[in-house]
1. Does Tyr275 qualify as being at pLDDT 95 or above and crowded, with 24+ Cβ neighbours inside 10 Å?
2. Just the residues that are assigned to a loop (DSSP other than H, G, I, E, B), within 14 Å of the chain's Cα centre (by Cα) and among the polar types (S, T, N, Q), please, taken from the range 438-485.
3. If I go through the range 544-595 residue by residue, how many of them are within 23 Å of Gly462 (Cα to Cα) and of a type in the set (S, T, N, Q)?
4. Given the structure, is Trp68 of a type in the set (Phe, Trp, Tyr) and surrounded by fewer than 13 Cβ atoms within 10 Å (Cβ to Cβ)?
5. So is Leu245 closer than 30 Å to Tyr39 by Cβ and in contact with a Cys (Cβ under 7 Å, 6 or more places away or on another chain) or not?
6. Find all pairs meeting these conditions: Cβ atoms under 6 angstrom apart; at least six residues apart or on different chains; first residue within the range 390-411 and of a type in the set (Ser, Thr, Tyr); second residue within 16 Å of the ligand (Cβ to nearest atom).
7. Criterion first (more than 17 Å from Ala499 (Cα to Cα) and within 16 Å of the ligand (Cβ to nearest atom)) does Glu176 satisfy it?
Amino acid sequence: MLKPALACTLLLVAAAQSQTATLHIDTSKPVSKVSPELYGLMTEEINYSYDGGLYAELIRNRTMRADWSGVLHWYVVEHGNSQASISPDKTTSPSAALPYSVKLTVTQADPSNPAGLENEGYWGIPVTPNTEYRGSFYAKSDSGANITVRLVDDFRPRTIAQAVMTDVIADWKKYEFTLKTGNTNTSTANHLVLTIDKPGTVWFSLVSLFPPTYMNQPNGFRIDLMEKLAAMHPKFLRLPGGNYLEGDHINERFDWKKTIGPLVDRPTHRSPWNYQSSDGMGLLEFLMWCEDLHMQPVLAVYAGYSLMQEHVNPGPDLDPYVQDALDEIEYVTGGPDTKWGAERVKDGHPAPFPLKYVEIGNEDMFDRSGSYEGRYAQFYKAIKAKYPNLQLIATMTIKDMRPDVIDDHFYRRKEEFFNDTTHYDKSDRSGPKIFVGEWATREGSPTPNFGAALGDAAWMTGMERNSDIVIMSSYAPLLVNVNPGGLQWESDLIGYNAASSYGSPSYYAQVMFASYIGDETVASTLTGAGPRFFYSATRDATKGKLYLKLVNASSIPQDINLQLGGAGKIGSTATLVSLHALTNEATNTITEPAKIVPVKNQIQNVSAGFHHTVPGYSIEVLDIDVR
Ligand code: AHR
């Protein structure tokens, strides 16, 4: 006989089992097209996404900006009895774009007691064994100084790697060096030191240090982050924002012409997320990022509105901005015989980039002047006249004309997504097409928790079902540096520090959805499921695949009677990928990066009618052969 307590537990478990649902799928009946461009990326300079993130530069404030407190992130170094000071100097610099430098004055130093300055990096400088770091700086000296560059451990006076640049001349010049580590330990607690070993004055600017980068590109990207992005199979990159496109003020917009060419000619600018952007990630770097990950650019052009309610009136005032957008499109797509195409060739990329979509502005419904209708129309007319094949995205509904595509944004709690997965079911199929250019379930910080992943997955089933009209979507924000002070916006897909990165449960949900995407939805009906159960059924007719996404956002398992009709032959073994947690709050962190990751298994006895149980709090993909 069962003990009363055990009997009671069994009863509770039984009561917590949902009733069996029936999911009928007819794999021979396509219902609507799934856009091959449905899943892509959106990023901007927020949360140290590029500087201190994807852009692999290790030196923070490499251009030596200063405020009342001194030169930011740079400090004086005085070994032994040496004496030195550093100060910003606005009287000399290596370029017009960088109108200042840092002046190092050393009054006492010798080879055993050098003096100089040091940089703390972006919450440390990551070092790994047997690694080559490429560096450079601009300098001039009044005394033919020899400059020693060293990577130094924060906790021990230990040089990890060093290089010496001899006879620095009296005029500004770029000096390049490599630092090679030996059999050292992996750590982020390091800094970069530049010293001289005799009294003298040296001016520095644009001090740069790069670790090995993705595909070994100079001025390139962090390998771990690029690999994580590649695993999302993104089809496009919406660039360069977001608020970052607009800036708080017109003169703080993403002024693309100031982000191309040699780094020393890029003035840097303030991001609306309250820190200075190095603009190392300039327009060409965005495009190369697209090229590396086989994504198409979705180019957002500045459209005459900035966040602090500054706008440019449609008409002649707006003409220069429209011209700037035309120039930008030419830089992206033009041949060497065009002015801006030739500029791109000069910058090192002879081949034009493919371009299909241009977005006019960002979130212009916040422009209280109501000027967007006129601004959009002016950009539309000018761009279409020169590039009739480009699809032009509007950032809000336009009354007097029908844009090609509209960019919708959704930042929500999971319940809101659960209750609105049918959002686009009734949309007018004659257009405009929809680009869900920013969306996220905002639960969990700095990165979303499992409950958020459930909200995201439920929402993605709705986007897939409506992907004949929802042609593209991109989660935002994508990246966050999880160090204190790194975050400006909670719930970001991928977190990292100087050394490592991790995907949130929401990241893995997207990897799963984008890895198994068919080209058509198929006829299906679901009966008897609990209210927090969502699904999407697509097929890839060429591959003979049915992809079934099943989302159980309730805590109790959902048993399903799966009825597969219309297939000649059904493979008896299917692949099951599942992402599961015990609670909504469960999550991944920088110290526990893999608590929740997709698990791949094979399931047996798949047939035209079989039972499958989706555990509570689970996101699943079933990949079934249906030839
Ligand atoms: O993703 C964060 C911000 O949200 C974007 O910059 C902006 O477009 C939106 O308001």
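1. So Tyr275 fails the test.
2. Thr447
3. The qualifying residues number 9.
4. Details: of a type in the set (Phe, Trp, Tyr): yes; surrounded by fewer than 13 Cβ atoms within 10 Å (Cβ to Cβ): yes.
Yes.
5. It is false that Leu245 is closer than 30 Å to Tyr39 by Cβ and in contact with a Cys (Cβ under 7 Å, 6 or more places away or on another chain).
6. Sorted first by the residue in the range 390-411, then by its partner, the pairs are Thr395/Gly361; Thr395/Asn362; Thr395/Glu363; Thr395/Asp364; Thr395/Asp407; Tyr411/Ala440; Tyr411/Arg442.
7. Judged against the criteria, Glu176 is not a match.
So that you can scan it fast, the table gives a plain yes or no per residue for (1) modelled with pLDDT of 95 or more; (2) closer than 20 Å to Ser205 by Cα:
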{"site": "Leu117", "(1), (2)": "yes, yes"}
{"site": "Glu120", "(1), (2)": "yes, yes"}
{"site": "Ile125", "(1), (2)": "yes, yes"}
{"site": "Pro129", "(1), (2)": "yes, no"}
{"site": "Arg134", "(1), (2)": "yes, yes"}
{"site": "Phe137", "(1), (2)": "yes, yes"}
{"site": "Ala145", "(1), (2)": "no, yes"}
{"site": "Val149", "(1), (2)": "yes, yes"}
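The values are calculated or read from the model by the stated rules, or taken from the named source; none is laboratory data. What you are looking at is a predicted structure, and each value in this text was computed from that prediction instead of being measured. Cβ sites come from the backbone with ideal geometry, for glycine too, and all protein chains shown count toward neighbours.
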